[in-house]
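The values are calculated or read from the model by the stated rules, or taken from the named source; none is laboratory data. All values reported here derive from a predicted model rather than from experimental measurement. In this analysis, Cβ positions are derived from the backbone assuming ideal geometry, glycine residues included, and neighbour counts consider all displayed protein chains. Ligands, DNA and RNA are excluded from the accessible area calculation, which covers all protein heavy atoms including side chains. Shrake-Rupley method; radii C 1.70, N 1.55, O 1.52, S 1.80 Å.
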Amino acid sequence: MATLKPVILPLLILPLMLAGCIGENASFEQEKASAVEPENHSPDSANRFVTPSTENGTASSGVLGELEAGEEDYYYVDVDYFDSGDHEFRLTGLTDDLDMTVTDWDGIMQSSSGAGTGDEVVYLSTSGLGFFSDNKRIVVKISGKTTASTSRFRLEMRTTD
C-alpha cells in the first residue's frame, strides 16, 4: 500500500486545486496582444482563430469579441485537406443586431443578416479539398446592422467530418 500513496495523494488534491481556479461567475474574454493580434478592422489585419481539429466527428473552435459602433471586425481561418468537411460559422451571444459575411478562398461570399439579437449562421463546405491542396483562407466579417450597433459576440466554427 505504501506505493499507492504517491498516486492517490495527487488525485485527492487535484479537485481542490481546480475548485480554486474556476469561479462561479467565470467569464471568458478574448485577450488581444497588440504585437500578435493587431486591430482587426480590415481584411488585411484580420485576427486568426484556430481551425477545429476533427477526425471522423465534429469539432469546434472560436473567439469571443466585441464590436464597437461603426466598426467591422474580421477573422480568418486557414483550412487544408485535414480540416476539410462541412463547416458552420455561428455568431451568438449578441447584445445588439450584428451581421456576418463569410468569404471563401475563391471570393464567394455568403451572408447572414437575421433580425435582432438572434444567432447568425453561415454554412460552407470544403469537402472537395485534395491532399495536395494549399491552405485555403476563409475570412469572416462581423458588422453592425446599423452604424450605432455595439455588441459582444461569440464566433464559432463547427466542422463535421
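Numbers below:
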read-out	value
Computed FRET value (nearest 0.05) for E71 with F131, which takes r as the C-beta separation and R₀ as 35 Å	0.35
Proportion of all alpha-carbon pairs of segment 76-155 beyond 14 Å (%)	61
More than 20 angstrom apart: percent of Cα pairs within segment 39-110	35
Calculated from backbone phi, Karplus (6.51, -1.76, 1.60) coupling profile of segment 97-114 in Hz, x at Gly/Pro	7, 10, 10, 9, 10, 10, 10, 8, 5, 8, x, 7, 9, 10, 10, 10, 9, x
Solvent-accessible ranking of T150, T117, largest area first, probe 1.4 Å	T117, T150
